[in-house]
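Scroll down for the structure; my scribbles are underneath it.
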Amino acid sequence: MIYFIKGYIEEVIEDGVVVENNDIGYKIHMSYRDIQKLEKQSEKVKIYTYQQVREDEILLYGFLNKEELNIFKMLISISGVGPKAAISILSSLSAQDFILAVIANNEKAIVKAQGVGKKLAQRIILELKDKFKDYELIQQENNDEIVTVEGIDENEAVGALIALGYTRKEALYAISKVSKDATSIEDIIKLSLRVLMKG
């Protein structure tokens, strides 16, 4: 499995880019949002990849950050959501906006993606929201790690961040940094992601 590719943009194509690495050109399918970011890129780029092996071909899907790669993997694990639909969703929504749409049950934001109907959007929200909640969060013996935000159930926020590939420690740290400014679950996730993406 190819985890990421570093190289130079050789060509921008309709549904992705060709990246040159050691005299080999890798065709990588990407979201429209990421393609736009790479169109004028002259420096070496790092693209996280997902490799799909089919009977007749091997396809590479690429992402500029691990958050979107993780969302892509979560999406294609849902019945009825293939790589094409997942890329379409990531073309219309950033990682942050997609998480907020799921948490807020905002199916209208998801159906804006080409080829995604209302029923599929509802299924995505149902399955991923449950997945966020499946993590056993906050309930630890070490009370120092418990983060509380008055009037808000922060378990969902921590679950969302862990599902995106962050560790429990990173999620709790980010939430502790933003809890005083948060007035809703959406705020917690949005502000925490900003902290985590800055590294």
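Just give me the residues in segment 75-111 being crowded, with 18+ Cβ neighbours inside 10 Å, more than 24 Å from Lys37 (Cα to Cα) and not β-branched (Val, Ile, Thr), in sequence order. The answer is Glu107, and nothing else.
Here's the yes/no breakdown for (1) modelled with pLDDT of 80 or more; (2) touching a Cys at 6+ places or on another chain (Cβ under 7 Å); (3) within 26 Å of Glu127 (Cβ to Cβ):
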{"site": "Tyr166", "(1), (2), (3)": "yes, no, yes"}
{"site": "Leu172", "(1), (2), (3)": "yes, no, yes"}
{"site": "Ser176", "(1), (2), (3)": "yes, no, no"}
{"site": "Ser179", "(1), (2), (3)": "no, no, no"}
{"site": "Leu191", "(1), (2), (3)": "yes, no, yes"}
{"site": "Met197", "(1), (2), (3)": "yes, no, yes"}
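Which ones in segment 22-59 are assigned to a loop (DSSP other than H, G, I, E, B) and among the charged types (D, E, K, R)? Of everything in segment 22-59, those that are assigned to a loop (DSSP other than H, G, I, E, B) and among the charged types (D, E, K, R) turn out to be Asp23, Glu39, Lys40, Glu43, Lys44, Arg54, Glu55, Asp56, Glu57. When you check Ile71 against the structure, is it touching a residue at least 60 places away in the same chain (Cβ under 8 Å), within 15 Å of Ser31 (Cβ to Cβ) and of a type in the set (Val, Ile, Thr), yes or no? When the stated conditions are applied, Ile71 passes them. Taking Gly159 as the residue in question, decide whether it is modelled with pLDDT of 75 or more, surrounded by 13 or more Cβ atoms within 10 Å (Cβ to Cβ) and in a loop (DSSP other than H, G, I, E, B). For Gly159, the condition - modelled with pLDDT of 75 or more, surrounded by 13 or more Cβ atoms within 10 Å (Cβ to Cβ) and in a loop (DSSP other than H, G, I, E, B) - is not met. A Cβ distance below 6 Å, combined with a sequence gap of six or more or placement on separate chains, defines the contacts here; from segment 170-197, residues that are without any contact (Cβ under 8 Å) to a residue 12 or more places away in the chain and in the same structural domain as Asn155 (by TED's automatic domain parsing) reach no residue that is surrounded by fewer than 15 Cβ atoms within 10 Å (Cβ to Cβ) and among the aliphatic types (A, V, I, L, M).
The values are calculated or read from the model by the stated rules, or taken from the named source; none is laboratory data. Here the structure is a predicted model, which is why all the values come from computation and not from measurement. Glycine also receives a Cβ, built like all others from the backbone with ideal geometry; neighbour counts cover every protein chain displayed.
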